[in-house]
Structure formats: C-alpha cells, structure tokens
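No lab work stands behind these numbers, since they all come straight from the coordinates. No experiment lies behind these values; they were computed from the predicted model shown. No Cβ is skipped: glycine too gets one built from the backbone with ideal geometry, and neighbour counts run over all protein chains shown.
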Amino acid sequence: MTRTPPLPLNRRHFVQGSAALAAAALAPAVWAADVVKIGYVSPQTGPLAPFGEADKWVIEQMKLAFKDGLLIGGKKHAVQIILKDSQSNPNRAGEVANDLILKDKVALILTAGTPETANPVSDACELNEVPSISSVVPWQPWFFGRKGDPAKGFGWTHHLFWGLEDVIANFTNGWKGVATNKKVGGLFPNDGDGNAWGDKELGFPKPLAAQGYSLTDPGRFQNGTQDFSAQIAAFKKDGVEIVTGVVIPPDAKTFLTQARQQGFKPKVITLGKALLFPGAIEALGDLGHGLTTEVWWTPSHPFSSSLTKQSAKALADAYEAGTKKQWTQPIGFAHALFEVAADALKRSKSLQPADVRDAIAASQLSTVVGPVKWGGPGPFKNVSKTPLVLGQWVKAPAGSKHKVELVVVNNEASPNIPAGGKIAPL
C-alpha cells in the first residue's frame with residue numbers, strides 16, 4: 001500500500017477527501033507523512049575536515065535514536081537529517097545553509113567546526129529567521145565575529161562552547177608548571193580565530209601581559225603558508241620559550257618542521273585547533289610528542305547523553321568500535337547538538353520557527369559535554385559555556401591500540417574533569 005508522501009514543512013495536515021481519510025484509517029504508520037527536517041553543516045572535506053570527521057558516524061547513531069520519531073506539538077514526526085559539506089569554505093557554508101533553509105525547508109540547522117563554518121551558517125539562519133544551534137567555535141569569534149551587540153544578542157541563533165578567557169586560563173595554568181622566561185611567541189593567522197585570539201582587547205595580549213608574560217606577535221599570515229622563517233626568526237631574536245596560537249593542522253606541521261630545521265627549540269608549544277586530533281599528531285611523528293592543546297571533551301569527562309544515556313566513555317568506545325579509528329574531541333559536541341535539538345523540538349509548541357527558537361532559548365539540559373542553558377550564566381543570552389581543560393599528547397604505552405594519547409595535565413579551570421598527569425616540557 002502506498003503511503004501518503006511527505007508534505008512540505010508547516011503543512012502538517014492531510015489532503016482533504018475520502019481517499020485520504022480511507023488511507024489514514026488503513027495505515028497505522030501514516031504519521032510518517034509528517035517529517036521534521038534537521039540540517040547539519042560541517043567541513044567534511046578540505047583543511048578543516050578533521051572537525052567534521054565524526055559527523056557521519058554521529059548522524060547514523062541519531063537515525064537509530066530517532067527511529068520511532070519525535071512527538072512535536074502533540075503530533076508524531078519522522079526525523080530526517082540532512083548533512084551538508086562546507087568544504088572548509090565560508091562562502092560554501094553560507095550557500096549550503098541557504099539551500100537547507102529555502103529548498104529543504106528544515107525546521108532548524110545545527111553547525112560546528114571553526115568560525116569559517118559556524119559563522120556564515122548562523123548568519124544565514126539569522127537573516128532567514130530560522131533557528132540554529134552552533135558549536136566548536138570559541139564564543140568571541142562567533143559573537144563578535146558576527147558583529148553581535150551585547151545589549152541585544154541575536155534573535156535566532158544560539159551557541160554552546162567555551163571562550164577565549166577559558167583557553168587563556170588553561171594555557172597559562174599549564175605554563176606555570178614549566179620553568180620558563182615567560183616569553184611567548186604568537187601564531188595568529190588572518191582568519192576568524194586568529195584575529196580573535198590576537199586581538200589586543202579581546203584576545204591573548206592583555207591577559208598575558210597582566211600575568212607577566214611578554215608576547216612576540218609577528219603579525220597575521222595566510223592559512224596554508226609554506227614559510228614560517230620570519231616568525232621563527234622573530235621568536236629566536238626575542239628568546240621565546242613558549243609558542244602559542246591557533247593554526248590549522250597543515251600549518252602546524254609546516255611550522256614545527258621548519259622550527260626544528262632552523263634550530264628553534266621552545267620549552268612549551270601550546271596550539272589551539274591544529275593539535276586537537278590524533279590523526280594530526282600521528283602525522284607529525286616524534287614532533288607531536290609533548291605538544292599541548294585545549295581539551296573540550298574526552299572519554300573521561302563525567303557527563304552522559306540525555307538522548308542515548310551513554311557516558312562519555314561509552315560514546316567514545318562505540319565510535320572506536322564502529323569506525324576503527326581513535327576517538328576525537330568533536331564526537332561529544334556533534335552528539336550534544338542533537339541532544340539539544342531533540343529536547344527543544346519535543347518541548348516546542350509547534351514547528352513554527354518562532355516556537356522552535358523559543359524552545360531552544362529555554363533549554364536546560366545535561367548533555368554529554370556538560371550542562372547547556374541559555375540566558376545565564378553565559379556571557380550573553382545566546383551563549384552557553386562548556387568546560388575546558390588542558391591536555392598534552394604523549395606516546396601511547398606499549399600494548400595500547402593507539403599510537404598517541406591525549407592526557408589531561410591541568411584541570412584547575414574545571415576540577416570535575418579528572419586529570420591524568422602533569423605537564424612535561426618538550
């Protein structure tokens with residue numbers, strides 16, 4: 001028997017007439033004609049692809065979680081998830097977000113993976129008055145990078161992640177554990193993250209100076225640069241013993257390789273973005289051992305999923321069993337975006353965009369990445385902060401199924417997340 005085909009969003013009524021009524025009477029599963037579409041935009045290809053590596057696996061898991069549909073506004077809906085690849089390109093990210101809104105008629109959009117992905121997607125949603133939830137961007141480049149007004153916030157877009165104040169606190173907490181001359185070299189590219197991290201008011205310079213660190217910032221460079229000689233020369237000239245910044249994985253490899261070739265040997269290298277992923281560290285060989293980075297999610301985080309009831313460890317174990325790859329930090333946040341989306345849709349009065357948006361804004365949920373709540377205690381009404389700690393990459397012990405392991409070496413900022421060791425100099 002042929003089921004009634006899916007109707008366009010917001011027309012959740014069946015075609016009038018006896019034929020439709022007869023079909024409804026005969027078909028217990030006819031509710032599947034009501035479909036809620038969730039869009040997801042992330043970098044599946046290009047230099048930012050490690051941020052989206054876990055998404056397809058998470059989405060397959062969500063298809064199982066949503067197999068019985070969601071009850072929204074008193075009516076059962078089948079759930080359709082539409083994944084779009086930003087190709088690591090901000091223009092492309094905006095284009096596919098518009099496609100999801102205008103062609104696919106999604107009820108909401110989820111997005112994650114650096115300002116180059118989340119910002120243009122959030123902007124498209126704000127412009128078209130479609131709710132969105134974003135993550136995996138420090139809140140400053142997401143909020144101020146989109147020219148957010150602290151007094152007003154945004155009308156349609158909500159964000160969950162940590163901020164630059166958290167990454168600076170974690171980096172400096174870790175550096176205190178190594179004897180250095182407090183001279184820091186900054187690697188800040190000319191992109192959303194680099195411009196925020198290097199910003200004299202909002203970024204690293206002010207708080208580092210307040211803690212007695214001197215910062216050598218040789219200026220912005222383009223992502224994909226092949227020559228870091230100028231930066232290395234500036235760091236050597238100023239006697240830099242700590243290197244920090246926020247670079248893409250290929251640039252980290254280029255810098256680290258050239259630093260070794262040119263005899264630059266800092267005691268600590270703590271980089272955001274580039275050092276998050278086990279694949280990137282493995283690709284560095286012995287250059288990767290001892291590098292430090294921010295840690296937003298691990299299997300040892302003391303949180304569980306509201307949707308699948310899996311602990312952080314169970315989620316990471318399931319990923320490793322399903323993909324035969326090592327766990328990676330974005331798993332938790334991709335999963336949490338769906339947790340928040342499902343919870344909001346179930347509480348929404350209807351699939352009208354304003355109802356979905358209001359349900360998102362009213363979220364108070366314990367997720368696999370920690371508590372999510374907008375309207376406080378985050379810095380602005382559209383930002384919900386998640387915890388952050390510091391990690392160091394070490395060579396995995398003999399007998400481990402991994403080649404490298406990320407060990408939490410400082411948890412002063414979030415003591416509920418267990419530390420596994422202390423920071424060691426390079």
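Things worth noting here:
- Amide H partners (placed H, <5 Å) of Lys273, local residues excluded: Glu294
- Whole-number percent relative contact order across the chain, with pairs defined as alpha carbons under 8 Å at least 6 apart: 15 percent
- The helix-based estimate of mean residue ellipticity at 222 nm for the chain, built from -39,500 (n - 2.57) per DSSP H run of four or more residues and divided by its residue count, is -10000 deg cm²/dmol to the nearest 500.
- Extension gain, His402-Asp68: 0.36 nm per intervening residue step, less the Cα-Cα distance, totals 116.6 nm.
- Mean Cα-pair separation over length for the range 218-287, i.e. relative contact order, pairs under 8 Å, 6 or more apart, %: 36 percent
- Here the dipole of the range 170-324 is about 380 debye; that uses its Cα centre as origin and unit charges on the Cβ of Lys and Arg (positive) and Asp and Glu (negative).
- For the chain, the longest principal axis of the Cα atoms and the long axis of helix 55-65 meet at an angle of about 40 degrees.
- Judged by the mean number of other Cβ atoms found within 10 Å, the most tightly packed of the peptides 368-374, 320-326 leads the ranking 368-374, 320-326.
- With respect to the chain, whose longest principal axis is taken over its alpha-carbon atoms, helix 90-102 is tilted by about 10°.
- Rounded if a/c under 1.5, otherwise prolate or oblate - the range 169-269, Cα gyration tensor axes: oblate
- Check: the chain dipole with +1 on Lys, Arg Cβ and -1 on Asp, Glu Cβ, in debye: 540 debye
- Degrees between helix 249-261 axis and first principal axis of the chain (Cα, 0 to 90, nearest 10): 10 degrees
- Principal axis box of the range 111-163, alpha-carbon based, largest edge first, Å: 23, 23, 15
- Protection proxy ranking, peptides 149-157, 263-271, 136-144, average beta carbon neighbours within 10 Å, highest first: 136-144, 263-271, 149-157
- Dipole magnitude (debye, nearest 20) for the range 295-393, charges at Cβ of Lys, Arg, Asp, Glu: 100 debye
- Only one of [x] 283; [y] 137; [z] 155 was calculated from the structure for volume of the Cα convex hull per residue in Å³, and its label is [y].
- Residues whose amide H lies under 5 Å from that of Asp34, counting only those 5 or more places away or on a different chain, are Ala78; hydrogens are built 1.01 Å from N in the peptide plane.
- Residue-wise HN-Hα couplings along the range 362-374, as the Karplus relation 6.51 cos²θ - 1.76 cosθ + 1.60 with θ = phi - 60° gives them from phi, are 8, 4, 9, 9, 8, 10, 5, 10, x, x, 10, 7, 9 Hz; Gly and Pro carry x.
- Which of Ala179, Val167, Pro115, positive extreme of dipole for the range 98-208 (C-beta unit charges): Ala179
- Packing-based order for 111-122, 335-346, using average beta carbon neighbours within 10 Å, highest first: 111-122, 335-346
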